[in-house]
Structure formats: C-alpha cells, structure tokens
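Below is one structure, written out as structure tokens; comments come after it.
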Amino acid sequence: MQTYARLPIVIIEGRGAVVRDADGREYVDCVAGIAVNSVGHCHPKVVAAIKTQAERLIHTSNLFYTEPQVELAEKLCRLSSLEKVFFCNSGAESVEAALKLARKVTGKKGFIAAEGSFHGRTFGALSVTHHVKRDIFEPLLSNVKFVRYGDADAIRKAIDEDTAAVILEPIQGEAGVIVPPPEYLREVKEICEERDVLLILDEVQTGFGRTGRWFCKDHFKVQPDIMTVAKALGGGFPIGATLSNFSFERGEHASTFGGNPLACTAALATIQVIEEERLVERSERLGTYFMQRLSETIGGCDGVKDVRGKGLMLGVELREKCEGVVHAALKRGVLLNCTADRVIRLVPPLVIEKSHIDVVVEVLSEILGTTPQPPGT
C-alpha cells in the first residue's frame, strides 16, 4: 500500500552517516531512519551482537525468561531512574501501553495532549495525536483534550475529575522540532502532582542521546510517571519500551514479540556503543556546531524563518514549503526530511562527522541561494 511519499531512490547499504543507492551513489544521511540509526548504519558492534544472538536464540515468547531481556531491563531502569519496564516493538505500542497503564493506576479515563503532538497511529496513540489525519478513523478515545504546546496554564485549566494523565513530547518532532519554554515541563509536572494526574513523557524520538542528554527530560530536570521509548533504542532493530514506577499485573497487557532476545541484544549493543563512544556528549557538541553553521550560513536568508533544536535534533523552518528543498538536496547527495510542510528536520546519526555537517550546510546554502560561509567565520 502506498502509504508513504517515498523519494525516488533505492537504498541498498549504509555505513556510519552515509548510505549508498542501487546506482552506487552516496548520500549524507540526515534522516537516520527518522531518528533511529543513532549509532550509524550497520555499526560493527551491533551487527556482531545480532549475528551472535541469532545463532544462539531468536525468540521464545514471554512465557520464559531470557538473559538479554533481564539485562536490558536493568540497564533501562538505571539510565531512566524508573523501576519497571514493559517491552514491545515500536513507539506506538509503547504509547498504547502507557495509556492503558495510566488508566489502570488512576481509575480515570481522560487524557490531555498537545496541539501538534505525534504519538503514533494505532487507535489509542492516534487518539492523543494531533498532527495527522484523524477524522476518517473516528470514533477514537473519548475525553481527550488538546491544548497549546508550551502553555502550562492551559493544562491546568483542561484537567477535570476524569483526567488520568497528561502526555507530552519534551520536544515536538513531527510538528517541526518545537522546543518548549525552559520552565514548561517542570510547571506541568507540578500541576500534575497538585491535581493527582500522571505525567507521560514520550521520548520515542528524543531518547538515547538525540538531544545531547540520555533523555530529553534531563535537560528540564523532570521525572515523568511514565516514559515511552523506541526508535534509537535498537540501533535500527525494532524495539520499544514503556518505563514507569507503576506496573501491569499478569494478564493486563502483553506482547508476543516484545523484548525478544534478538531485539534486546541489539538494544544492549546500541547502548554500549553510545556509552563507549560518548555519543551523548558528541550529540551535544556536534549539535552546537551544526546549529552554529546553519545560523551563520542560512539563518539570515530571506527564505529561512528559524533555526532551532537541541543536540542533533534540529529544525530549519522555511517561509515556503520545503518539499522542493528535499528533492534538490537529494540530487546533491544529501538525505533530508520535511515535516510540518515547512520545516527541514535534521536528525542524523550521532556518529556524523563535522565534514558531513559542512557538506549539508553547503548544500542547503546552495539550494536556498546563500553564499556558504566557511567554518568558524
């Protein structure tokens, strides 16, 4: 089914931050599987770990324990400072689990989400998603309210006696890399505590070093009641997880493939690479460099409205639709993604080199009609 607006290339292989198409042409990848390939394409340690595990054990179901699942659960709890993990296969599934867990814990049914939000396309996740087409799939969950992102007081006013949880992205991705005011998430957390409402943070896109911290919540010094993760967790292998201090009981939720040994092994290897290669710190450092180069080179361009983001999650907002820029960059050997019609979303692998960043900036400068500035000017 043609459910995606695909670019006219066939990618056959990739290494680090570079991919190659069926015609042998190489591209600097600033999409990274939509913020998935954080340690780069086919990182040798991740590939080796998957190969070894695939020869040993691929799947058993959750009727039994496996060592990789236990090890990964312990690792995620240490990194997040949350106590329990439910494993699934994607970001949407992790959100579904979060919504169910919030209803179980509170005994309430309603949710508050943000305008511009994206949490997934399954029924529960879509019910709290504002950014995509919804009407043809209704009715969705009832008692879901959408309020302006970045406005804590709007959340305070929207809470009623049946509100189970507030669900937010710490930085909105699909809406165009929208960074909230510095105090926003802390204010929301305080409101939730005052009103006996849970806070769910969706770190599916922002987690595992993407923004220059292990989790974006750490920028704002906020600890959610429930947190969802996926995308970068498996280094390209599908896996998701819902983390909380609360827990489902037997029979309340399940996943046949969730936390299978192959996926958990890929995730453990990915986390190991992030730690050993200090990719969280690298994301912050190269993100600052990328932001500076973009701001200096195209920030003053008539066609550019804003350059924003944290770490290696950056957005260049244009004054016109950006689809043409994406196609023009493709011809020049750079893969870009356009979201919210006018925002070029840059979420490259965390292993991207400065030289790759310079190429991307030069390409954007050429397309947008500016004179590329050399680094450091």
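A few notes on this one:
- Qualifying positions in region 1-39 - more than 21 Å from ARG210 (Cβ to Cβ) and touching a Cys at 6+ places or on another chain (Cβ under 8 Å): GLU13
- Yes/no for GLU277 being charged (D, E, K, R), touching a residue at least 60 places away in the same chain (Cβ under 8 Å) and either in the same structural domain as LYS100 (by TED's automatic domain parsing) or under 30 Å from GLU83 (Cα atoms) (or both): yes
- Only residues that are part of a strand (DSSP E or B) and within 19 Å of ALA17 (Cβ to Cβ) were counted in region 312-328, giving 4.
- Selection within region 273-297: residues that are among the hydrophobic types (A, V, I, L, M, F, W, C) and farther than 18 Å from CYS42 by Cα. The member of this set that is farthest from the chain's Cα centre (by Cα) is LEU294.
- Search result, residues across region 298-311 that are within 25 Å of ARG210 (Cα to Cα), out of contact with any Leu (no Cβ under 6 Å at 6 or more places or on another chain) and not in a strand (DSSP E or B): GLY299, GLY311
- Residue check for GLU203: among the acidic types (Asp, Glu) and either surrounded by fewer than 24 Cβ atoms within 10 Å (Cβ to Cβ) or in contact (Cβ under 8 Å) with a residue 40 or more places away in the chain (or both): no
- Residue selected from region 110-165 under the condition exposed (fewer than 15 other Cβ atoms within 10 Å of the Cβ) and touching a strand residue (DSSP E or B) at 6+ places or on another chain (Cβ under 6 Å), by the criterion nearest to ARG186 (Cα to Cα): ASP162
- Check on GLY287, over 15 Å from GLU93 (Cα atoms), of a type in the set (Gly, Ala, Ser) and in a helix (DSSP H, G or I): yes
- Residue match in region 169-188 (condition: of a type outside the set (Val, Ile, Thr), without any contact (Cβ under 8 Å) to a residue 60 or more places away in the chain and on the phi > 0 side of the Ramachandran plot): no
- Taken over region 62-78, the criterion of being touching a strand residue (DSSP E or B) at 6+ places or on another chain (Cβ under 9 Å) and either crowded, with 17+ Cβ neighbours inside 10 Å or of a type in the set (A, V, I, L, M) (or both) is satisfied by GLN69, LEU72, ALA73, LEU76.
- Filtering region 211-261 to residues that are among the charged types (D, E, K, R), touching a residue at least 60 places away in the same chain (Cβ under 8 Å) and either in the same structural domain as VAL347 (by TED's automatic domain parsing) or closer than 24 Å to PHE64 by Cβ (or both) leaves only GLU252.
- Residue in region 289-310 that is touching a residue at least 40 places away in the same chain (Cβ under 8 Å), closer than 22 Å to VAL347 by Cβ and in the same structural domain as ARG78 (by TED's automatic domain parsing) present: no
- Subset of region 224-247 [in a loop (DSSP other than H, G, I, E, B) and farther than 15 Å from ILE171 by Cα]: ASP225, ALA230, GLY235, GLY236, PHE237, PRO238, ILE239, ASN245, PHE246, SER247
- So ALA269, is it surrounded by fewer than 16 Cβ atoms within 10 Å (Cβ to Cβ), under 30 Å from GLN53 (Cβ atoms) and among the small types (Gly, Ala, Ser): no
- GLY212 meets the conditions (1) part of a helix (DSSP H, G or I); (2) touching a strand residue (DSSP E or B) at 6+ places or on another chain (Cβ under 7 Å) in every case but one. The failed one is (1).
- Scanning region 50-65 for residues that are touching a Leu at 6+ places or on another chain (Cβ under 7 Å) and aliphatic (A, V, I, L, M), we see that the one that is nearest to CYS216 (Cα to Cα) is ILE50.
- Criterion: closer than 30 Å to GLU55 by Cα, at pLDDT 95 or above and not polar (S, T, N, Q) - qualifying residue of VAL222, VAL229, VAL197: VAL229
The values are calculated or read from the model by the stated rules, or taken from the named source; none is laboratory data. These figures come from a predicted structure and were not determined experimentally. All Cβ positions, glycine included, derive from the backbone under ideal geometry; neighbour counts span all protein chains shown.
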